[in-house]
Structures are given as C-alpha cells and as structure tokens.
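**Student:** To start, I am sharing the structure in question, which I have written as structure tokens.
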Amino acid sequence: MLIVRLGLILMIVTSIAAGGLSLLNTQTAPIIAHNQAMEAQRAREEVTRKLGDVELVEVPVSEDFSYFRAVDTSSSEVVGYAGLAKGAGYSSLIRTMVGFDKNFEIVGMKIVFQQETPGLGTKAEEPAFLDQFNGVSGETVAVTKDGGTIDSITGATITSRAIAVSINDLVERIKSARDAAPSDTTVATEEAKHPPREITVEPTQPARNPED
C-alpha cells in the first residue's frame, strides 16, 4: 500500500513538473524567436554595410530558405544580396551570414553560429580569417587546398572548407531563385511595353417583342 501511495505521489509531482516546463516553454518560445530574429536582422545589416544606404527586402523561396535583396534607398535598384550560408563543419553546423554586391562578390561576413573545436575551429570568427573573403567571388571562393585563395585555419581545414563551400551553395541557391522569378522591376517593364488593351463593352439592347 505504501509503494502505491509513493507511486501516486511521484506521478503527481512529475505531472506538475512537466506541466510547468510546458507552460514555461510556451511563454518563452516567442521571446526566444523574437530575439533570434533581431540578431539575424543585425547580422544582415552588418554584412551589407559596405553597400551604402539600403533596404533589405526578404524574398521567400521555400519553407526553409529565403534571401534578401539589398535595395538602394535613393535609386530603388538592387545593389546586392544577403543570406545565411550553412555548412557542416568538424563538430557542428556552421551558420554564416554573408553579404554580396550585385556581382556576388563578398562585401561582409559574420559567423552567427558554430560549435567547433575551441582554439582551432572557433578561430573562424576572428577577423584574420574572415577578412580574407572580402572582395572574393562567392561563386568560386575556396580554400588554398581546393585551388582558392583562402588560407585555412591551422588545424581546422574542415571548418575553413565548410564555410567556403557553404557560401558557394548559398550563391547558387540565390541565383537559381532569382533567375526563376523575375524581379519587380522586370515585371513593371514588361507591363509598360505591353499595356493591357482597353475593352469596351457595348450596352445590351433590350430584346424587341415581335408583336410590336
């Protein structure tokens, strides 16, 4: 009988604890999501700073991928792009926010998440490594061991290569999505070339009674 009572007490305590954790998660999840969104926004602004005064316009592509057009606020022209590159490093999935000019040359980079080996792969966040990417084409950027110009971090070639390859993949995805759907400017131009015809609808004459 004592064992049954202890079992019931344990079950009640466990249920209350689980309910409390569920409630806490429900209350904190929106706050965490908001903070993550704000951090991503700040990272995008940081990596596109060299493009001047721009507005970053999101372009949703799929449920798990979108990129941003950098639109010049004075000319309304697209002067660059920004997006999140993801690559499997030595011990984690590395997420890198990257800014490009309109020719996809890199104008800024920021590692927003990594859990690589301390003292080795973690050096990917240091300017000595990141600054090498400035002005390099995102389509062809590669570490020196792969024929590129980026010097790998000593003892962390896998981490270095993962970042470069993830940028290649990001550019490919952005270009593919961009080329598949015309920009707003292109759509407006086509409408200007071929304006819709005006259609005049003649009023309907009432049917005449043959007896009139």
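**Student:** Name the residues whose placed amide hydrogens come within less than 5 Å of the amide hydrogen of Val59, ignoring near sequence neighbours (fewer than 5 apart) on the same chain.
**Tutor:** Tyr67, Phe68, Arg69
**Student:** If we sort 64-76, 167-179 on the protection proxy, mean other Cβ atoms within 10 Å, highest first, what's the order?
**Tutor:** So the peptides 64-76, 167-179, ranked by packing, come out 167-179, 64-76.
**Student:** Can you give me the long-range amide H partners of Tyr90? Hydrogens built in the peptide plane at 1.01 Å from N, cutoff under 5 Å, separation of 5 or more residues or another chain.
**Tutor:** Under 5 Å from the amide H of Tyr90: Thr159.
**Student:** Which order, highest average first, do 52-63, 89-100 follow once you tally other Cβ atoms within 10 Å for each residue and take the mean per peptide?
**Tutor:** The densest-packed peptide leads the list: 89-100, 52-63.
**Student:** Based on alpha-carbon positions alone, could you give the equivalent ellipsoid semi-axes of region 38-184 from the gyration tensor, as √(5λ), descending, whole Å?
**Tutor:** That gives 26, 15, 14 Å for the three semi-axes.
**Student:** Can you give the FRET efficiency for Arg178 and Asn35, using 1/(1 + (r/R0)^6), R0 = 22 Å, r = Cβ-Cβ distance, to the nearest 0.05?
**Tutor:** 0.15
FYI, it's all coordinate maths here, none of it is from the lab. All of these numbers come straight from a predicted model, not from anything done at the bench. Cβ atoms come from the backbone with ideal geometry, glycine included; neighbour counts cover every protein chain shown.
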